[in-house]
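Nothing in this text is a laboratory measurement; each read-out follows from the coordinates by a stated rule. Quantities reported herein were computed from a predicted structural model and do not represent experimental measurements. Because the Cβ atoms are built from the backbone with ideal geometry, glycine has one as well, and the counts that use them run over all protein chains shown.
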Amino acid sequence: MSTIDITGADDGSEPISRSGSIDGIEIRTLTTASDMKVLGEVFQQVWGSATQLMTVEILMAITHSGGYVAAAYEKRNGEERMLGASVAILALHHGEQSLHSHITGLLPGARRSGLGRAMKLHQQAWARDHGFDWILWTFDPLVRRNAWFNIAVLGAEVHEYLPSFYGTMNDAINAGDESDRLLMAWPTTTDPDAPLRDGSSAGDGRILIPTPDDIVALRRTDLSEVERWRVQTRQALAGALGRGDRVVGFTAAGDYVVEPAS
């Protein structure tokens, strides 16, 4: 399982309201076991897993204890179809009430449609309305489309590099690679209509850390090259964050833009 937010991220170019609504799509929170069962099946399809990624019992416990479980639905010919879902648990970040967005995924046909951003904006609005200060999540720093979405489109902040965070993973997306993750922190007060953080306005002295074109495809063809990218990026990003440098953007060419601490 790739416990990230978001699988199938979009580029943020689709017109979406501040509440995250898209014509013909409804995003709503879930509370029943029957809905949780469908959600689990959707996640299995997204990650190509033969086993459950999240059980009905865990999902019911999360929603009953005040966490966030939501899904996006498309309605056609009087019938609904779940296109994707998101699950977040209660957390603390720097002593402040937060949501940790554990897993979000969209079915392949729903990707690059603006739905990824719409789901994040729905989550942000829900979190703000329920008194949370931050939304946290992790993602693979080598997945370029997710880095662009998280940093440039949403404006989330990179707070920590987590090497081999989930240990060995065997799903169809991550098999054969280490589970390094970046911890993202997104204030619930962030303006969703703010300009892209693509690093184009960064000052002199910035550092660019590149990413591969498509690490998921590369895992299927050249694991030695995957390992080279992993080690190179880990050393560069973890080293920069350890020195107190800040990631201030992500370029359209696929580079992290790092501002040195001094």
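A few comments on the model shown:
- Extension gain from residue 76 to residue 204, taking 0.36 nm per residue of separation minus the Cα-Cα distance: 40.9 nm
- Full-extension gain in nm, residue 223 to residue 243, via 0.36 nm per residue minus C-alpha separation: 4.2 nm
- On Cα atoms only, tilt of 223-242 relative to the major axis of the chain in degrees: 80 degrees
- For residue 190 and residue 125, the difference between the fully extended length at 0.36 nm per residue and the C-alpha to C-alpha distance is 22.4 nm.
- Cα-projected label distance for residue 28 with residue 162, points at 7 Å along beta-carbon direction, nm: 3.2 nm
- For the stretch 188-197, backbone phi angles converted through the Karplus equation (6.51, -1.76, 1.60; θ = phi - 60°) give residue-by-residue couplings of 6, 8, 4, 6, x, 9, 5, x, 4, 9 Hz, Gly and Pro being listed as x.
- Distances between placed amide hydrogens fall under 5 Å for residue 155 paired with 197, all partners being 5 or more residues away or on another chain.
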